[in-house]
Amino acid sequence: MDKIKIIVTDDHRVVASGLQALISGEPDFEVIAIAQNGLETLEILKKQTAGVVLLDINMPKMDGLETTLHIRKSYPATKILILSTHDDGSLVSAALQNGANGYVLKNAPCPELFSAIRTVANGGKVLNFYLTDRMIDSMQEERENPKHALPKITRKEKEVLELIAQQLTTKEIAGRLFISHHTVVTHKKNLFIKLDVKSSVGLVKLAIETGLISK
């Protein structure tokens, strides 16, 4: 029986090692690598083929949402399972829109996680009833109160947003945050999608109006 080859990506080494130990106990799973951020994951994928990438959301250098976009574009056969503490409906929706095959909370029982890995590896989708309800609640809240029901943004996206508000160029933002030009562009794209705006001016205006950033 061919094993499902898995990459575990989490910026907390203890969490990643614990996941590796749990997953490796299943006879049909093989953890081929551990990464601490999206950039490391992409480097691993250049050298090794993985069936499933377990991906956290909040990570330094490249977060889970951006990493999902890159994996989906460059390694379409690799399945992506988000494993996060965040149950915000807008984040779940953003992850799925970016190409994730499933989303599981870190407090899920081991059998649920193992089942999710097998499901996405076989081409299925994973989203439990609780997260589905959270997505629906988020969409309803946005319809009823669109000005205040904004989706959550990641730590790095907020840093980029604050620098855009300071009128820094993409190149300057990349230098300030020690990330690539392409990474800044991806963060801006995610912000445009999440906040439903079409320009940097509209982005900053909405962010100030809703209190995401201060004047």
> Size of segment 169-213 along its principal axes in angstrom, Cα-based, largest extent first?
Replying inline: 28, 18, 13
> D88's amide H: which non-local residues (gap 5+, or another chain) put their own amide H closer than 5 Å, with H modeled 1.01 Å from N in plane and none for Pro or chain starts?
Replying inline: none
> Using θ = phi - 60° and the Karplus form 6.51 cos²θ - 1.76 cosθ + 1.60, what ³J(HN,Hα) does each residue of segment 101-113 get, whole Hz, x for Gly and Pro?
Replying inline: 8, x, 9, 10, 7, 5, 8, 5, x, 3, x, 5, 5
> Does anything in segment 43-62 have its amide N under 18 Å from the 7 Å Cα→Cβ label point of A108, and if so which residues?
Replying inline: 51-58
> In µm²/s, what is D for the chain at 25 °C and 0.890 mPa s, where D = kT/(6 pi eta Rh) by Stokes-Einstein and Rh is the Kirkwood radius from Cα pairs?
Replying inline: 137
>> Under 5 Å between amide hydrogens, which residues at least 5 positions from K79 or on another chain qualify, with H placed 1.01 Å from N in the peptide plane?
In response: V52, V53
>> From the helices alone, meaning DSSP H stretches of at least four residues, give me the mean residue ellipticity at 222 nm for the chain, per-run term -39500 (n - 2.57), in deg cm²/dmol to the nearest 500.
In response: -16500 deg cm²/dmol
>> Suppose the chain between F192 and Q97 were pulled fully straight at 0.36 nm per residue; how much longer would it get relative to their current alpha carbon spacing?
In response: 32.9 nm
> Say R0 is 35 Å: what FRET efficiency, to the nearest 0.05, do D87 and S17 get from their beta-carbon distance?
Replying inline: 0.90
> Which lysines have a Cα less than 29 Å from the Cα of K158, not counting those fewer than 8 places away in the same chain?
Replying inline: K61, K73, K79, K106, K147, K171, K188, K189, K194, K198, K205, K215
>> From the mean inverse distance of alpha carbon pairs (Kirkwood) and the Cα radius of gyration, derive Rg over Rh for segment 14-93.
In response: 0.95
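Quick note: the coordinates plus some simple rules give every number you see, no bench work behind them. Quick caveat: nothing in here was measured; it's all calculated off a predicted structure. In this analysis, Cβ positions are derived from the backbone assuming ideal geometry, glycine residues included, and neighbour counts consider all displayed protein chains.
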